[in-house]
Every structure is written in C-alpha cells, then in structure tokens.
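Peer 1: So that we are looking at the same thing, I have put the structure below in structure tokens.
The values are calculated or read from the model by the stated rules, or taken from the named source; none is laboratory data. Only a predicted model underlies this, so the values are computations on that prediction, with no experimental measurement involved. Here the Cβ positions follow ideal geometry from the backbone for every residue, glycine too, while neighbour counts run over all protein chains shown. When the accessible area is computed, the model is the full protein with side chains, heavy atoms only, and any ligands, DNA or RNA have been set aside. Shrake-Rupley method; radii C 1.70, N 1.55, O 1.52, S 1.80 Å.
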Amino acid sequence: MSVARTWRTRKQRYALVGERCDYCQNAIFPPRDVCPHCAEPAQKEFALSGRGTVYSYTTVFDPPTGFDAFAPYPVALVKLDEGPMVTAQLTDIMPDQVKIGMPVEMVTRKLNEQGDEGIIVYSYKFRPQLQRQALAA
Amino acid sequence: MRPVYIAGIGQTPVGEQWERSLRHIAHDAIIPAMRDAQIERADALYVGNMLSGELVGQEHLGALVADFVGLRGIEAYKVEAACGSGAAALRTGYMAVAGGLHDVVIVAGVEKMTDTVGRETTAALAMAADQEYEAAEGVSFVALNALLMRRYMYEYDIPHGAFGYFAVNAHHNAAGNPNAMFPNSITLESYRKATMIADPINLLDSSPICDGAAALVLVSEDYARSVGNGRRPVRIAGSAVATDSLAIHDRRDPLWLDAAFISSRKAYQQAGVSIDDIDLFELHDAFTIMAALSLEANGFAERGRGVRLAEEGEITIEGRVPIATMGGLKARGHPVGATGVYQVLEATLQLQGLAGPNQVENASIAMTQNIGGSGATILTHILVGE
C-alpha cells in the first residue's frame, strides 16, 4: 500500500476505529460512511474492543508479493464481540493450533516492509486472548 | 426488448500460450467467431478482461483489439467485473442488441496471465477482493476461498475428501474438450494427496492460471434469420446480474451467495423457465467450494447439500444437473476475464449438439453463471436452443 493510503487508514490499523450507526446502533468496521444495515449515514467514530472469536481460518503458503518473508502464516475471519467481522492475520500461535470459535484479541504487529526506501507497515493482527489463557492455566 | 441470438463462436485452446500476446489470442478467437457467423463487420466490440493493466501493462483494450482484428473505427471498449468480466461483456452486448441500438455485436473475453511470475499474478488476482481490508493484510484470493471452505466443512460436518468429486468430474469432462488445459483424468486418491495451497484448499481444488480467449457474435432476430450458418439457433433467453459486498467479512452470511440467488431468480423469470427445465449448468468452479455454494444459492441443492449432489453422481453428463460439461474452470482452465465467454460458448455447443463425447442428451436449455471475486458480482445467463 502507498504511504498516503497507509496513513489514511492509520486509525483503523492501529486502533480498530470503525463507526456506530446513529439510527440502528449497529457497530461498523471497516468504516464506510453509509450503514450497511439500514443505509442511513453513519460517520460517528467508534473504537472496537478488539476482542472476538475465530469464524474461520487458513494458512497462506503461497503469498502475494510483499509477504514472502512471513509465509507460511495463518489468517482468519474474526467475528468481533460488537458484531462486525474482520479479515486479519493471526499471530503468536502455530497454524495447527487454531480452532474455529477460539477467543482472540487484537494486537499491533508489523505487516510488511517496503524495501530500503519504503515504509514499514503496521496493522492489526489477532492472537489468542491472554487473560483467558492465564485463567485456563 | 428484442430477442438476441448467438450467431457465431470462436475460441483458443486454454493454456500457456508463450508465442502469442494478449492481442494475438484475442484475434485467434474473434476471427473464427466472425467467420462462423459469416460477418465481415460488426456494430460494436466489447472486450471482457480483468488483468491486462496489471499483468501486461496494457489498458484500452477496446480500441487495441478492434484495430488488430480489422475493425478499426467501430465502437469498442473493455468491460471489467473481476473474474466476471467475460459475462459482463456479454451482458453489455446483450443490452445493446436487445435494446435496439445495434444489430451485430462481437463479445470477446481475453486474458493473458502467464507473462508474469506466480506471486505477481497472485497479488493481481487479489484485486478482485477488498484491497484495503482483505488483500492488504496478506490474504490471497485462494485464502479467502479457503476461509469459506473451512467454515463450510465445519458447519455442515463435511470432510475435505468429499469435494474431490467436483475435481474428478471436471477433469473427466475436460478429456472430451480439445481446447481444455487439463484433459487428464484424476482420481479421488490423487485429489487427497495434492499439494496444499491454503488449507483446506489444495492444488486440485483450484482452477489454474492460464491464457485464453473466446468470442461470440450476437445478433438481432431479423439478422439471425437473414444470415444463419445452418445450425440450431440459440437465443439468450435470460440475462441478469446482481452484486454483493466486495469483502466476505461484510456479508451477513458468508456461506450464502446472495448475488447468485438474486441474479438466477431474475434470469429464470425473464426466460420463463423453472430450475427443473435446465439441462446443464456451466457454473463458476474456480474452487470446489464455489461449485458447492453455487449449486445451493441457485436452488439445485439445499444448504449444505451441494457436495452431496456431486457425491451422488448428479453432476456428471448423465446426471440430473450436469456441470462443467467441457471441463469447467477447474480443467478447461480459468483465464479469468475470458471464462464467462467460454462458459456461454460451451453451452451453445451443447445446445447445438456439437459437444462431441461430452454431449448432454437432448439439451435444449442451458444456464451459465460467472462470478466476480468471492461472490461480489454474479452474472447468470439462460440459453435456449430453438
């Protein structure tokens, strides 16, 4: 992604800032300005908690350009507690340990590097919920 | 609206065409289609293509191809709807003839995918998905389909091996198609052992990266009567398109292809046919999971039962719902922006009794469905042999 595009989505990538619809009160992520549930304008910022569960997952063995150094890596559809679903990489877990329904939480991680002259892109990834892990132990 | 007929067809073999460039393979489909329809000019040319800009560094395909095939001067432009580009070009041509603006239109689908290395092509294909919130996270197009397949297996308690029937059927049918990329038979055993790409999707769940072009000549009813190449007239009786969110994560139910449901219902209604009337269905089996989801959203199987239809042998040429009758995306090949045109061309061959060893007996109504992205644009066409 270009520098401007990365900068423009910084609140989303660093803090999962979406929106909440004033009319139907649904949480929305990523932000889209028109509520997908009721088609009313929705521009009020709302930060999601970053907690959710794994809806589905896979491992990327054959990565697109820019992600070669990280492959293979696990990715998932994460159903956030507030309702929206997000597509993201998983981290701090081996691919064969991932399960559907597993509680996960958002962390900030390096997504990729764009060479010597380029920027380093950081984004959200999801890891198993630490508190739950501690309780289980 | 005026009735629209398919008066001529042309195609190149699907595969790695190292010696032919994008414009050459377009030529190799369009000229045979024009000869087949016995025309020397057309009112317009619509080129379905997804990735020429990214993989060949060439846009502006309408003028380029029109000039290259000797049609300099006519109306021409590219139509893009990701992997649904081919059927989107067809729909554009259909609207032009049905609406009375043109009498003779050429629709060509063309894609050149083998001039780049694999990772570049993989990154380019991900442009069919949401670039900012799917692809940007390093999630490939295959991985998006793997997310759907994993969830499907979980919700309906279906083992991966059951999807193998789709791949086996596609390869079996490709053996009877001289233009198919993979005319080799495979077994359920080789399916189970295939290389993993994005689990649970393996190599034999996936359609290949390849080059190819296919072309159709569409004409009005009066024109069809005046020329005619002596074959059974094939009419486009239904044409519909519907859209959904680009990103899977924005769908209310990721395992339901809403745009397939909507566009197929519109097409059935327009054509005045019910699902039981359809003799064959060229569906968009880019991945085996897409074949299952398509059978369900279009009404051929209940939810969670699409794979069973394959297991029970209903999808073969002799079955109740023959699919991928010339190999499908899996084994004929999936030159993305050309696929939608190949599907309609193959359905036309079936309706004219020209499908050789793959002929579906007494075929008179065919359905084709071309999908852009992971279900965001879905185009359905119903063809009737008269």
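Peer 1: Residues with amide H under 5 Å of B:Thr377's amide H, sequence separation 5 or more or different chain, H placed in the peptide plane at 1.01 Å from N; which?
Peer 2: Result for B:Thr377 returns B:Asp244, B:Gly372.
Peer 1: log₁₀ I(q)/I(0) of region A:3-136 at q = 0.21 Å⁻¹, via Debye over equal Cα point scatterers, no solvent, to two decimals?
Peer 2: -1.25
Peer 1: Go through A:Asp68, B:Asp250 and list them by solvent-accessible area, largest first, probe radius 1.4 Å.
Peer 2: Putting A:Asp68, B:Asp250 in descending order of accessible area: A:Asp68, B:Asp250.
Peer 1: Per 10 Å bin, what percent of the C-alpha pairs of region B:1-158 does each bin hold, from zero upward?
Peer 2: Spelled out per bin, shortest first, that is 10, 34, 29, 18, 8, 1.
Peer 1: Oh, and also: Would you give the gap between the C-alpha center of region A:48-83 and the C-alpha center of region B:176-210, rounded to a whole Å?
Peer 2: 26 Å
Peer 1: Count neighbours as other Cβ atoms within 10 Å of each site's Cβ, and list the GluC sites (Glu not before Pro) in region B:236-309 that are DSSP loop with at most 13 such neighbours. Please list the in-between numbers first.
Peer 2: Details: sites: B:Glu282, B:Glu296, B:Glu302; in loops: B:Glu302.
Passing sites in region B:236-309 are B:Glu302.
Peer 1: On to the next question. So, taking all protein chains as they sit and a 1.4 Å probe, how much accessible area belongs to B:Met367, in Å² rounded to tens?
Peer 2: 0 Å²
Peer 1: Here is a further query. Placing one identical point scatterer on every Cα of region A:1-50 and ignoring solvent, what is log10 I(q)/I(0) from the Debye formula at q = 0.16, 0.27, 0.29 Å⁻¹?
Peer 2: -0.44, -0.92, -0.99
Peer 1: I'd like to check one number: the per residue accessible area of region B:1-156, probe 1.4 Å, reported in Å² as a whole number.
Peer 2: Numbers: 5610 Å² over 156 residues.
I get 36 Å² per residue for this part.
Peer 1: Hey, any idea what Rg/Rh is for the protein assembly as shown, computing Rh the Kirkwood way over Cα pairs? Kindly include the intermediate steps, with their values, before the conclusion.
Peer 2: Details: Rg = 23.2 Å, Rh = 23.6 Å.
We get a ratio of 0.98 for the protein assembly as shown.
Peer 1: Moving to a separate point now. Quote the charge dipole size of region A:3-136 about the Cα centre in Debye, to the nearest 20; the model charges only the Cβ of Lys and Arg (+1) and of Asp and Glu (-1).
Peer 2: Working: 16 positive and 15 negative charges, 56 e Å.
That gives region A:3-136 a dipole magnitude of about 280 debye.
Peer 1: May I pose another question? Given H placed 1.01 Å from N in the peptide plane, which residues other than close sequence neighbours of A:Leu90 have an amide H under 5 Å from its amide H?
Peer 2: A:Val75, A:Ala76, A:Phe126
Peer 1: Where Lys and Arg each count +1 and Asp and Glu each count -1, what net charge lies around A:Val107 among other residues with Cβ under 13 Å from its Cβ?
Peer 2: Working: positive: A:Arg13, A:Arg51, A:Arg109, A:Lys110, A:Lys125, A:Arg127; negative: A:Asp92, A:Glu105.
Summing Lys/Arg as +1 and Asp/Glu as -1 gives +4.
Peer 1: Which entries in A:Lys79/A:Lys125; A:Lys125/B:Lys193; A:Lys79/A:Lys110; A:Lys79/A:Lys99 show an alpha-carbon gap greater than 25 Å?
Peer 2: On the way: A:Lys79/A:Lys125 13 Å; A:Lys125/B:Lys193 32 Å; A:Lys79/A:Lys110 22 Å; A:Lys79/A:Lys99 13 Å.
Over 25 Å apart, Cα to Cα: A:Lys125/B:Lys193.
Peer 1: Over the Cα atoms of region A:78-137, each weighted equally, I'd like the Debye log10 I(q)/I(0) at q = 0.28 Å⁻¹, rounded to two decimals.
Peer 2: With no solvent term, the Cα-only Debye profile gives -1.25.
Peer 1: Using only protein heavy atoms and a 1.4 Å probe, how much accessible area in total is buried between B and A, to the nearest 100 Å²? Each step should come with its number before you reach the end.
Peer 2: Details: alone 14590 and 8500 Å², together 20030 Å².
Chains B and A together bury roughly 3100 Å² of accessible area.
Peer 1: Only sites in a loop by DSSP and with at most 14 other Cβ atoms within 10 Å count here; which chymotrypsin sites (Phe, Trp or Tyr not before Pro) in region A:16-73 make the cut?
Peer 2: Working: sites: A:Tyr23, A:Phe46, A:Tyr55, A:Tyr57, A:Phe61, A:Phe67, A:Phe70; in loops: A:Tyr23, A:Phe61, A:Phe67.
For chymotrypsin sites (Phe, Trp or Tyr not before Pro) across region A:16-73 that sit outside H, G, I, E and B with at most 14 neighbouring Cβ atoms in 10 Å, the list reads A:Tyr23.
Peer 1: Accessible area per residue for region A:3-136 in Å², computed with a 1.4 Å probe and the full protein assembly in place, what is it?
Peer 2: Details: 6780 Å² over 134 residues.
Counting only protein heavy atoms, the per-residue value for region A:3-136 is 51 Å².
Peer 1: Okay, next question. Calculate for chain B the 222 nm mean residue ellipticity that helices alone would give, adding -39,500 (n - 2.57) per DSSP H run of length 4 or more and normalising by residue count, nearest 500 deg cm²/dmol. Let's see the in-between values first.
Peer 2: Details: 13 runs with 131 residues, N = 386.
Taking each H run of at least 4 residues, the total per residue is -10000 deg cm²/dmol.
Peer 1: Hey, another quick one. How much of the accessible area of chain B, probe 1.4 Å, is carbon plus sulfur, in whole percent? It would help to have the intermediate numbers written out before the result.
Peer 2: Details: 6410 of 13010 Å².
Within chain B, the accessible surface is 49 percent carbon and sulfur.
Peer 1: Shielding of A:65-77 by partners, i.e. mean partner chain Cβ atoms within 10 Å per residue? Let's see the in-between values first.
Peer 2: Values: counts 10, 5, 7, 1, 0, 1, 2, 3, 3, 2, 10, 5, 11.
For peptide A:65-77, the averaged partner shielding equals 5.
Peer 1: Considering chain B, what Rg and Dmax in Å follow from its alpha-carbon atoms?
Peer 2: 19.0, 57
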